[in-house]
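Values in this text are rule-based calculations from the coordinates and carry no lab data. Keep in mind it's a predicted model, so treat the numbers as computed, not measured. Ideal geometry is used to build each Cβ from the backbone, glycine not excepted, and the neighbour counts take in all protein chains shown.
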Amino acid sequence: MEKLQVGQLTVIIVPPATNFAPVDGRQYIMEPPIGANRVLTIGVSSNQCSDKNNKSFILEWKPKLGEYVLTGKINYFEETGLNREHMRKWKDKITKMLTLIIKSDYYLFQHVPWLMDAPILIELYNHRSQLIKIENFGTPRKYMLKEKAELDLN
């Protein structure tokens, strides 16, 4: 297990995953913050714990129609409903988390550069596990080019 700590983000790479492989089933799990610290676990979907709670943000590389897609699922609407301000805040939070995740896996994108242009699709659902919609959050290139990832995601 490789562990890298940068500022308030700790990145843990769980074998058989490495900095460079595999792509199929590569999974990112962003845990809820513990104090001011965040933990990002990079592993393979078959070796990850299946008992992760609903508050974890989980992304996975999957092949679809001949290309890779980074897919994820997040509990989008909680008790506050569907107002626009709440939606904007959630999208900002997701964008910040995506920036941290993409930048944390820099060496994978150096080794497999075509992933930089793969779509990022996030399933947004409510607390009753009903699918609301699938949002396209761009490509990893968009997040790799951001100057600075803000660690305050609350």
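Close amide H partners of Val11, meaning residues 5 or more places away or on another chain with modelled amide H under 5 Å apart, are Leu4, Gln5, Val6, Leu40.
Here the simple spin-label model places points 7 Å from the Cα toward Cβ, and for Asn19 and Asn75 these points are separated by 3.6 nm.
With the simple model of a label 7 Å out from the Cα in the direction of the Cβ, Glu85 to Leu65 spans 3.8 nm. For region 111-119, putting each phi into the Karplus relation 6.51 cos²θ - 1.76 cosθ + 1.60 with θ = phi - 60° gives couplings of 7, 10, x, 5, 5, 4, 10, 7, x Hz, in residue order, rounded to whole numbers and with x for Gly and Pro. Each label point was placed 7 Å from the Cα along the Cα-to-Cβ direction; for Asp117 and Met144 their separation is 1.2 nm.
Say the cut-off is 20 Å between C-alpha atoms; which of Lys62/Lys93; Lys64/Lys93; Lys103/Lys142 go over it? The pairs that break the limit, which is 20 Å between Cα atoms, are Lys62/Lys93; Lys64/Lys93.
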